[in-house]
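The values are calculated or read from the model by the stated rules, or taken from the named source; none is laboratory data. Since we're looking at a predicted model, the values are computed, not measured. Note that each Cβ is placed from the backbone with ideal geometry, even for glycine, and that neighbours are counted across all protein chains shown. These accessible areas exclude ligands, DNA and RNA; they are computed on the full protein's heavy atoms, side chains included. Shrake-Rupley method; radii C 1.70, N 1.55, O 1.52, S 1.80 Å.
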Amino acid sequence: MKLYFDMDGVLADFDAMISGGAELNHPSSEMTPEMQQAKKKFWLNIEQNFSFWADIPVMKGIQDLLTVAKSMGEIFVLSKTPGAKHFISGQKYVDFVADEKCKWIEKNLGEFFDAEHVIICDGKKGKLIQPSKNDILVDDRPENITEWESCGGRGVLFKNSISTNQELLKIIAE
């Protein structure tokens, strides 16, 4: 069994970095025009703050969840970079973000993930991995879970470490 963990919103508490509400980390199509403008400004501010990605705190309880997950199978980070359209520097900044995410994993969760177990992508997770029914994605975004499952994998929607741990244990007990 392979277990894939999203980074932002699962391993890393991305929402802790958003002043004014976590709703800025949702698809723009679900937002009012005012919220879309706030989201655009938020991403522009991120690009100007070179320490943003390094400063994201570790999600509460994630070490315990990863310890359990590691006993269940091989664990990976599977994280997407934000689209280049968000940034003035375009793809150059997206590449910077990918590198910063790898540094963050090494610094904060290096005991669980080596470089071979960190996948940073810019496309759909399920199409990249082509999961089987034994491949589990833990992600905080329902649309990523739906896409993963449509490609053949199993998804667990992350709400917090405790409930996710319980969901993973139910899957193993099946």
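Some notes on this structure:
- Secondary structure note: in the chain, about 5% of the DSSP beta bridges are antiparallel.
- Pairs of Cα atoms in the chain fall into 5 Å distance bins, from 0 up to the last occupied one, in shares of 1, 8, 17, 21, 21, 16, 9, 4, 1, 0 percent.
- Rounded, prolate or oblate (a/c below 1.5 giving rounded, otherwise prolate when a/b exceeds b/c) for the range 105-174 by Cα gyration tensor: oblate
- When only Cα pairs below 8 angstrom with a gap of at least 6 residues are kept, the chain shows a relative contact order of 27 percent.
- Restraint check, LYS92/LYS133; LYS107/LYS170; LYS39/LYS101; LYS39/LYS70; LYS70/LYS159, Cα-Cα greater than 29 Å: LYS92/LYS133; LYS107/LYS170; LYS39/LYS70
- Gyration tensor verdict on the range 48-88 (Cα atoms; rounded if a/c is under 1.5, prolate if a/b is larger than b/c, oblate otherwise): oblate
- Across the range 98-105, coupling constants 3J(HN,Hα) worked out from phi with the 6.51/-1.76/1.60 Karplus curve, θ = phi - 60°, read 4, 5, 5, 5, 4, 5, 4, 4 Hz, and Gly and Pro carry x.
- Summed over the residues of the range 85-174 and divided among them, the accessible surface reaches 58 Å² per residue at a probe radius of 1.4 Å.
- With every protein chain in place, the chain: carbon and sulfur % of accessible area (1.4 Å): 51
- The label-point distance for LYS170 and ILE88, in a model that sets each label 7 Å from Cα toward Cβ, rounds to 4.7 nm.
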